[in-house]
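Q: Please find one structure pasted underneath; my questions will follow.
The values are calculated or read from the model by the stated rules, or taken from the named source; none is laboratory data. All values derive from a computational prediction rather than experimental measurement. Heads up, the Cβs are rebuilt from the backbone with ideal geometry, glycines too, and the neighbour counts pull from every protein chain shown.
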Amino acid sequence: MKKVIQLTLGIMTALGGFVDLGQIVFTMQAGALFAYKLIWAIVLGGIAIMLYMEMCGRVAVVAQRPVFAVVRLRLGPRLGVATLVASNLLNLLTCAAELGAIAIVVQLLTGVNERVALIVGGLALGALVWMLHFQWIERTFGLLGLAMIVFAVAAWNLDPNWKSVAGGLLPGLATQGSHDLTLYAYFAVGIFSALLMEYEVHFYSSGAIEEKWTIKDLPENTIVSVSGIVLGSLLTCALLILGAIVFLPRDIFPDLLSTTALPVALPLGTTALKIALIGIFACVASAAIETALSSGYNICQFFGFKWDKNVSPLEVPRFTISWTGTLILALVIAVTGIKPLTLVNFSIIFGMVIMPFTYYPILTAARDPALMGEHVTGKVQDTLAWIFLGIIVIAALAAIPLMIATHSGQP
Amino acid sequence: MRQWVSAPAALLLLVACSGGSVVKHEELASEMKQIRSLDAEGALLWEIVLSRHSTHAFARGEASYLHEAAKEHQRKLARARAAQGAERELERTRAAALGLIERIIALRLQIQ
């Protein structure tokens with residue numbers, strides 16, 4: 001019974017922590033522009049993150065090597081350092097965007113001035129991470145993130161055309177001109193990238209070691225990563241459906257975070273609106289924490305410094321300086337007034353560009369018998385992972401040209 | 001060394017002094033779409049407020065973000081220079097941005 005509760009809690013946490021600012025905005029915008037035509041990008045991204053997250057967890061458990069130890073091992077020190085710098089820069093930008101989003105949501109919930117909410121919220125978040133152990137951080141924000149289910153309830157309530165929704169499972173072209181086609185490709189890459197953001201796997205593999213998973217926990221790794229991501233992807237589909245039903249007929253392109261809560265208020269009312277805002281708050285706060293901690297994990301794992309979120313911060317000074325430094329720098333960036341959505345747009349596309357350098361080392365480590373013994377990746381998963389790496393490389397090459405051609409996704 | 005520093009500085013100065021960017025037909029069409037989108041967002045917010053599906057803090061916050069976004073478009077268009085043949089379109093887009101600001105101010109007053 002205890003095991004079942006633990007497993008359910010793990011799945012719920014994975015579901016609650018799956019969605020972040022980039023996913024909320026990109027998928028709603030995609031729905032507002034192309035109705036259900038990009039659901040296939042969510043399915044593709046969902047399968048990819050499922051495969052790679054399972055591999056990350058397995059490598060961490062079997063070889064006791066989290067992602068950046070693997071990156072150093074597989075890419076060598078030079079390319080490894082470049083990947084580390086790029087990944088941490090990406091974490092910094094994402095963290096700044098998520099902190100900015102926290103301030104917006106707090107203002108919408110309470111009416112407090114956004115600047116005050118940003119500074120107080122950023123400092124409070126830092127204090128929470130300082131005080132709490134890994135599992136508490138993960139569970140608190142993950143479970144609070146379950147409030148996002150209200151978006152799925154709203155989508156269901158608005159009675160979508162399920163035949164059209166199912167039609168979106170197959171890639172189709174938007175054929176209203178070349179601009180529409182590039183915009184369609186940009187959003188396909190954006191959705192795919194938002195689902196595969198690197199910090200998620202950095203955090204997940206570090207978490208497997210923080211929580212002292214052993215070989216016995218490998219089935220739990222598979223169940224949690226698969227179920228959590230399937231449910232999280234369904235939630236992401238609900239966001240896209242809401243964009244298609246509420247925004248598309250009104251010619252709205254949701255370019256403000258606050259606008260993304262309107263589709264919940266419209267059919268369900270005030271209480272649902274508050275729940276939606278709490279859900280968004282949990283998602284962005286969770287992502288802010290994960291990106292800050294990931295920066296610390298990455299540096300320490302790459303250089304072999306001691307890291308552990310379950311001991312006093314003073315016992316692991318380099319780790320503590322790395323994550324607090326990231327949080328403080330991100331707060332400074334957010335205070336300058338840069339819009340969170342501008343930052344998140346950039347971080348998603350930039351994240352796509354460096355993605356192959358994170359996922360290739362994981363793939364090769366997980367299939368290496370010398371490292372993994374009898375727990376090497378099976379043939380089917382290995383073949384699928386190579387196919388998805390190919391897709392990741394193509395998307396990485398296309399990301400920046402598409403961003404330039406569409407002026408960062410402007411309709 | 002001095003050349004390396006002064007060349008980008010001169011370029012920056014040139015860009016800063018050259019006024020707004022030249023906008024073509026496609027960019028103006030995109031601006032117009034975004035202005036109409038903000039207008040529609042305002043209308044949707046008002047629909048939600050009227051049906052008592054929103055909290056006061058949310059409605060005020062959303063309206064103020066819409067106002068900020070509208071002002072940004074207006075500022076951008078005020079600085080812009082039209083490409084050849086797009087002068088009348090630029091004027092129309094500027095007028096649409098001003099109209100949007102007026103409607104959002106009215107919305108904010110109604111929500112207060």
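Q: All but one of (1) buried (at least 23 other Cβ atoms within 10 Å of the Cβ); (2) at pLDDT 90 or above hold for A:GLY228, so report the exception by its number.
A: (2)
Q: A further question on this structure: Filter region A:175-203 down to residues that are in contact with an Asp or Glu (Cβ under 9 Å, 6 or more places away or on another chain) and crowded, with 24+ Cβ neighbours inside 10 Å, then give me how many there are.
A: First pass over region A:175-203, keeping only residues in contact with an Asp or Glu (Cβ under 9 Å, 6 or more places away or on another chain): A:179, A:194, A:197, A:199-200, A:202-203.
In the following step, the residues that additionally are crowded, with 24+ Cβ neighbours inside 10 Å were identified as A:194, A:197, A:199, A:202-203.
Of the residues in region A:175-203, 5 are in contact with an Asp or Glu (Cβ under 9 Å, 6 or more places away or on another chain) and crowded, with 24+ Cβ neighbours inside 10 Å.
Q: May I pose another question? Six or more apart or on different chains, Cβ atoms under 7 Å: show the pairs whose first residue is in region A:124-136 and basic (Lys, Arg) and whose second is in a helix (DSSP H, G or I).
A: That search, which allows pairs on different chains as well, returns nothing.
Q: Across region A:384-411, what is the total count of residues that are more than 15 Å from A:TYR359 (Cβ to Cβ) and either surrounded by fewer than 16 Cβ atoms within 10 Å (Cβ to Cβ) or within 14 Å of another protein chain (Cβ to nearest Cβ) (or both)? Reasoning before the result, please.
A: Going residue by residue through region A:384-411, those that are more than 15 Å from A:TYR359 (Cβ to Cβ) are A:398, A:400-411.
Pick out the ones that are also either surrounded by fewer than 16 Cβ atoms within 10 Å (Cβ to Cβ) or within 14 Å of another protein chain (Cβ to nearest Cβ) (or both) and you get A:400-401, A:404-411.
Result for region A:384-411: 10.
Q: Also: For the list (1) outside any helix (DSSP H, G or I); (2) within 14 Å of chain B (Cβ to nearest Cβ); (3) surrounded by fewer than 23 Cβ atoms within 10 Å (Cβ to Cβ), I need the number of the one condition that A:PRO249 fails.
A: (1)
Q: Can you tell me which residue is farthest from the other protein chains (Cβ to nearest Cβ) among those in region B:37-62 that are farther than 21 Å from A:THR271 by Cβ and without any contact (Cβ under 8 Å) to a residue 60 or more places away in the chain? Step through it out loud before you land on a result.
A: Looking only at region B:37-62, we keep the residues that are farther than 21 Å from A:THR271 by Cβ, and these are B:37-43.
Checking which are without any contact (Cβ under 8 Å) to a residue 60 or more places away in the chain leaves us with B:37, B:40-41, B:43.
Details: B:SER37: 4, B:ALA40: 5, B:GLU41: 5, B:ALA43: 8 Å.
It comes out as B:ALA43.
Q: Something else: Among the candidates A:ILE245, A:ILE278, A:ILE252, single out the residue that is β-branched (Val, Ile, Thr) and either under 28 Å from A:TRP136 (Cβ atoms) or touching a His at 6+ places or on another chain (Cβ under 7 Å) (or both).
A: After ruling out the rest, the residue left standing is A:ILE278.
Q: Restricted to region A:292-320, and to residues that are in contact (Cβ under 8 Å) with a residue 12 or more places away in the chain and of a type in the set (Val, Ile, Thr), which residue is nearest to A:ASN88 (Cα to Cα)?
A: A:ILE299
Q: What is the residue count in region B:1-31 for residues that are of a type in the set (A, V, I, L, M), under 20 Å from the mean Cα position of the chain (by Cα) and either at pLDDT 95 or above or not in a helix (DSSP H, G or I) (or both)?
A: Number satisfying all stated conditions: 2.
Q: Is at least one residue of region A:237-244 modelled with pLDDT of 95 or more, among the hydrophobic types (A, V, I, L, M, F, W, C) and surrounded by fewer than 20 Cβ atoms within 10 Å (Cβ to Cβ)? Step through it out loud before you land on a result.
A: Filtering region A:237-244 for residues modelled with pLDDT of 95 or more gives A:237-244.
Going one step further and asking which of them are among the hydrophobic types (A, V, I, L, M, F, W, C), we end up with A:237-242, A:244.
If we keep only those that are surrounded by fewer than 20 Cβ atoms within 10 Å (Cβ to Cβ) too, we end up with none.
No.
Q: Which condition from (1) surrounded by fewer than 16 Cβ atoms within 10 Å (Cβ to Cβ); (2) of a type outside the set (A, V, I, L, M, F, W, C); (3) touching a Gly at 6+ places or on another chain (Cβ under 9 Å) is the one that A:THR324 breaks?
A: (1)
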